[in-house]
1. Which of the residues spanning segment 183-198 are among the hydroxyl-bearing types (S, T, Y), surrounded by 13 or more Cβ atoms within 10 Å (Cβ to Cβ) and in a loop (DSSP other than H, G, I, E, B)?
2. Would you please name the residue that is nearest to the chain's Cα centre (by Cα), looking only at residues in segment 90-131 that are surrounded by fewer than 16 Cβ atoms within 10 Å (Cβ to Cβ) and of a type in the set (S, T, Y)?
3. Here's a check for you: in segment 59-70, which residue that is under 27 Å from I460 (Cβ atoms) and touching a Leu at 6+ places or on another chain (Cβ under 8 Å) is surrounded by the fewest Cβ atoms within 10 Å (Cβ to Cβ)?
4. When only residues in segment 335-369 that are crowded, with 17+ Cβ neighbours inside 10 Å and within 23 Å of the chain's Cα centre (by Cα) count, which is nearest to the ligand (Cβ to nearest atom)?
5. Pick out the one residue from V147, V201 that is of a type in the set (V, I, T), in contact with an Asp or Glu (Cβ under 9 Å, 6 or more places away or on another chain) and under 30 Å from D223 (Cα atoms).
6. I'd like to know if segment 111-118 contains one or more residues that are assigned to a loop (DSSP other than H, G, I, E, B), more than 26 Å from I307 (Cβ to Cβ) and among the acidic types (D, E).
7. Sort out which residues of segment 241-279 are touching a residue at least 12 places away in the same chain (Cβ under 8 Å) and part of a loop (DSSP other than H, G, I, E, B), and write them in order of number.
Amino acid sequence: MSAAKPTKYIFVLGGVMSGLGKGITASSIGYLLKNAGIRVTILKLDPYLNVDPGTMNPYQHGEVFVLDDGSETDLDLGHYERFIDIDMTKENNATAGQIYSIVLDRERRGEYLGQTVQVIPHVTDEIIHRIKSVNSPKKYDVVICEVGGTVGDIESLPFMESIRQLSLEVGYHNHMIVHVTLLPFVKASGELKSKPTQHSVMKLREIGLSPDIIFCRSEYPIDRSVREKIALFCNVHPDHVIEGRDVPSIYEVPLIMFEQNMMELVNSRLKLDKEPDISHLQKFNERYKHPEHKVIIAMCGKYTELIDAYKSVLEAFVHAGVENNSRVDVRWVHTEKIVDDLSAAKTFKNIDGILLLPGFGSRGGEGKILSSKHAREKKIPFLGICLGLQCAVIDFARYKCGLNGANSTEYNKKTEYPVIDLMESQKAIKIKGGTMRLGAYDCELKTGTKTYNAYRKKKISERHRHRYEVNNRYRSRLEKNGLVFSGVNKNLDVVETIELTNHPWFVATQFHPELKSRINRAHPLFREFINAAVKYNTKVS
Ligand code: GLN
């Protein structure tokens with residue numbers, strides 16, 4: 001496609017209720033397009049008033065996904081990157097908070113020249129500008145734009161209105177609307193109900209938008225008569241009603257879309273004429289469904305009731321599991337319950353690997369330190385991420401260097417041995433949003449280490465989100481006692497990765513490897529961690 005062709009837009013909007021997988025829908029369409037050789041990106045519009053999700057509680061919002069440029073974004077961006085394998089930037093996530101701040105700042109600077117500043121056109125113009133700027137300068141043929149929330153929400157109205165205006169501006173063959181809804185199953189009558197979908201489409205039409213494709217989430221197959229009913233009431237062709245049935249893995253969604261001619265529908269509407277190659281994804285799903293091995297990994301953290309808080313870690317396990325022909329089952333461990341070696345031994349019975357999760361605050365901290373101790377002493381494969389590295393260093397300092405009571409100043413400000421301390425650059429900071437060490441930083445790996453052997457290269461770049469770091473004053477003491485600093489950032493003089501030699505696989509990172517695992521490329525550290533867990537499992541069983 002020549003660069004002069006207009007950008008095409010696919011808007012993904014949700015109806016009925018939230019949590020139906022709009023992010024996966026957008027990503028799956030993106031996957032098909034990308035694998036058809038179309039240059040595609042995805043933009044998430046979030047109608048909430050937070051400027052970004054960085055300060056939001058994971059219980060409210062799930063994981064904060066950090067990009068290379070340091071922006072803290074919605075977890076759907078993680079899906080986008082994993083499915084379409086591109087590195088996104090802050091342009092790929094716009095919140096109402098950002099949009100309103102820009103409009104209000106402009107008003108304060110007097111740039112509206114005395115006009116009354118209104119939702120239409122000032123806020124909507126800014127939204128349209130954000131939608132367009134994700135492809136400026138033009139790099140993509142298609143921009144998929146997902147709107148958070150559900151049609152009918154008060155706060156999403158300006159976004160819907162902007163989409164209406166933009167659709168008119170770009171014209172029929174340059175945009176389409178995919179509406180994601182739910183068909184609830186009523187047990188008593190044994191029926192899938194289409195009424196909520198009809199109502200949400202009505203809501204959409206009130207705003208002046210009508211769906212081109214309805215992607216119906218459902219626990220059961222949708223038969224022809226239901227499709228026809230939805231088609232009739234929602235003003236689409238029955239072939240444009242696509243069944244989004246529950247599948248064992250989110251990576252099957254592009255395949256079920258493909259089976260139902262999603263690509264043809266996109267091709268004919270957007271005048272694209274491309275065919276995706278789905279063979280890799282088919283193989284991936286086959287391997288996922290028929291693993292040779294099975295490992296159990298203990299996930300040690302704080303938000304163990306909420307899987308969305310660690311979405312990227314769980315997806316990284318899927319990718320790494322497939323590359324190791326292994327199923328990865330997770331056992332959630334709330335570290336507050338680990339109070340001594342005995343409770344650690346009980347908790348970690350029959351597990352093949354321990355993953356110490358990232359986190360903030362001291363709750364469950366002592367249990368995390370004991371989890372590291374257990375993995376280290378019992379030679380269980382171990383991966384520590386961010387806070388996980390910090391707890392592993394505390395464990396090593398306390399129990400291998402004789403630094404009794406060593407701690408992080410995040411846990412105990414008065415500790416005698418602050419082996420983990422606030423980074424110098426963080427000390428003067430008082431405001432909360434976006435003030436951590438965020439985003440991609442380089443790291444140089446020591447050849448011959450496990451970490452180096454995983455990446456098979458010396459220079460790597462990984463994403464960060466933290467305030468504390470290994471205190472350089474203790475580096476030589478830790479090193480003398482056997483802790484290996486396998487990766488450092490030489491410019492900033494900070495420890496990035498640690499590992500142990502007399503252990504099958506004990507690695508921890510200050511950065512977040514899970515943020516860069518992709519469907520077609522498991523992250524090297526996750527791949528090796530699961531590989532070690534498979535070996536451990538074969539040895540003990
Ligand atoms: N709380 C720790 C810090 O701020 C770890 C952060 C994390 O695990 N992402 O450094």
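The values are calculated or read from the model by the stated rules, or taken from the named source; none is laboratory data. Small disclaimer: the values here were computed from a predicted structure and weren't measured. Counting neighbours? That spans all protein chains shown, and the Cβs are built from the backbone with ideal geometry, glycine included.
1. S194
2. The qualifying residue nearest to the chain's Cα centre (by Cα) is S101.
3. Out of the qualifying residues, it is G70.
4. That would be P358.
5. V147
6. Yes, the conditions are met somewhere in segment 111-118.
7. D246, P248, S249, Q260, N261, K271, L272, K274, E275, P276, D277, I278
The rows are residues; the columns are (1) among the basic types (K, R); (2) within 13 Å of the ligand (Cβ to nearest atom); (3) in a helix (DSSP H, G or I); (4) farther than 14 Å from R467 by Cα.
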| position | (1), (2), (3), (4) |
| --- | --- |
| S371 | no, no, yes, yes |
| H374 | no, no, yes, yes |
| I380 | no, no, no, yes |
| G384 | no, yes, no, yes |
| A392 | no, yes, yes, yes |
| D395 | no, no, yes, yes |
| Y411 | no, yes, no, no |
